[in-house]
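Okay, so here's the structure we're looking at.
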Amino acid sequence: RNVIRLHQVNKSYLMADEMFYALRNIDLCIAENDYVAIIGPSGSGKSTLMNVLGCLDTPTSGQYQLGEHDVATLNETELAELRNEAVGFIFQSFNLLPRATVLANVMQPLVYRLMPNKTRQAMALEALQRVGLADKTGHLPNQLSGGQRQRVAIARALVTRPRILLGDEPTGNLDSKTTKDIMALFDQLHQEGHTIILVTHEQDIAEHCQRVIRLVDGQVAEDIRNNQGAQLH
Ligand code: ADP
Ligand code: ADP
């Protein structure tokens with residue numbers, strides 16, 4: 001079952017009187033529980049694709065179906081709701097609020113939800129338990145290591161219980177040991193049924209995923225399945 005379907009998706013910008021295509025005629029389906037790496041040279045459209053998939057940005061033309069929703073038909077409010085419910089984002093630089101505690105950072109995506117604050121806290125604590133950081137709720141981000149900060153960001157992505165996790169170079173700021181730990185966490189989340197899509201520059205990580213999509217000049221140049229994701233070394 002496909003959770004993501006892109007049909008003839010373009011994303012263009014007007015630059016010096018000319019149309020520049022960051023994404024060009026993308027046809028792509030991603031199945032539920034797929035584990036995908038997006039690779040390609042700098043400027044090939046990887047971040048643009050992730051932003052479209054995560055509804056942070058909308059295509060200039062073409063269709064994007066996310067679950068049951070035809071994204072082009074949604075207004076800003078509906079799009080924000082879908083983004084909040086359907087996907088969790090993880091960034092290279094963690095993007096935590098520096099003055100907020102770990103618990104407050106993880107509760108952040110729930111602020112617009114109509115629920116008692118106690119429920120938000122309980123959901124954030126549960127998400128922190130899943131990433132092994134339930135003992136750090138009162139810490140500030142700068143009291144944690146890089147790997148711990150990324151776990152907090154993963155807990156923040158999980159707190160709304162999305163089915164899809166999108167990581168834009170999630171291990172790009174981490175050393176190789178910490179990268180392995182974070183990938184083990186993604187493996188666990190994949191086994192629990194999440195659909196995982198990661199942008200990476202690292203060959204090891206791409207080979208570890210079950211499917212590798214290579215972008216070149218805004219187009220899908222290659223789409224390969226590795227049924228056995230390779231071990232990280
Ligand atoms: P990647 O993530 O693969 O490095 P990006 O998706 O960030 O590539 O960018 C793809 C291309 O689109 C780049 O050439 C970039 O300069 C261009 N681009 C991205 N966002 C914008 C924008 N808001 N306005 C104009 N050009 C953009
Ligand atoms: P990472 O490897 O996660 O990118 P660092 O290179 O900063 O983070 O730290 C390497 C190791 O040192 C971490 O795995 C962690 O165990 C420890 N460490 C780093 N910063 C701190 C800190 N502020 N408090 C406690 N331990 C830390």
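The values are calculated or read from the model by the stated rules, or taken from the named source; none is laboratory data. The structure displayed is predicted, hence computed values, not measured ones. Backbone-built Cβ (ideal geometry, glycine too); neighbour counts: all protein chains shown. The area values use the complete protein model at the heavy-atom level, side chains included, leaving out ligands, DNA and RNA. Shrake-Rupley method; radii C 1.70, N 1.55, O 1.52, S 1.80 Å.
Remarks
- Approximating the spin labels as points 7 Å out from Cα along Cα→Cβ, the residue 85-to-residue 219 distance works out to 3.7 nm.
- Residue (of 23, 220, 49) at the positive-pole extreme of the chain, dipole from beta-carbon charges: 49
- Per-residue ellipticity at 222 nm computed for the chain from its helices equals -9500 deg cm²/dmol, with DSSP H segments shorter than 4 residues left out and the rest contributing -39,500 (n - 2.57).
- Förster radius 25 Å - calculated FRET efficiency between residue 77 and residue 18 (Cβ-Cβ, nearest 0.05): 0.15
- Computed from the alpha carbon atoms alone, the convex hull of the range 75-233 holds 130 Å³ per residue.
- Local electrostatic count at residue 180 - Lys and Arg +1, Asp and Glu -1, tallied over other residues with Cβ under 12 Å: -4
- Rounded to 10°, Cα long-axis angle of helix 76-86 versus longest principal axis of the chain: 60
- Of all DSSP-defined beta bridges confined to the chain, some 55% are antiparallel rather than parallel.
- Formal net charge of residues neighbouring residue 90 (Cβ-Cβ distance under 12 Å; K, R +1; D, E -1): +1
- Choice from 138, 45, 218 with maximal GNM fluctuation in the chain (Cα, 10 Å cutoff): 138
- Counted by Cβ distance under 13 Å from residue 169, the other residues give a net charge of -1, where Lys and Arg count +1 and Asp and Glu count -1.
- Choice from 51, 117, 33 showing the highest fluctuation, given a GNM over the chain with Cα pairs closer than 10 Å: 117
- Heavy-atom accessible surface of the range 56-115: percent carbon and sulfur, 1.4 Å: 52
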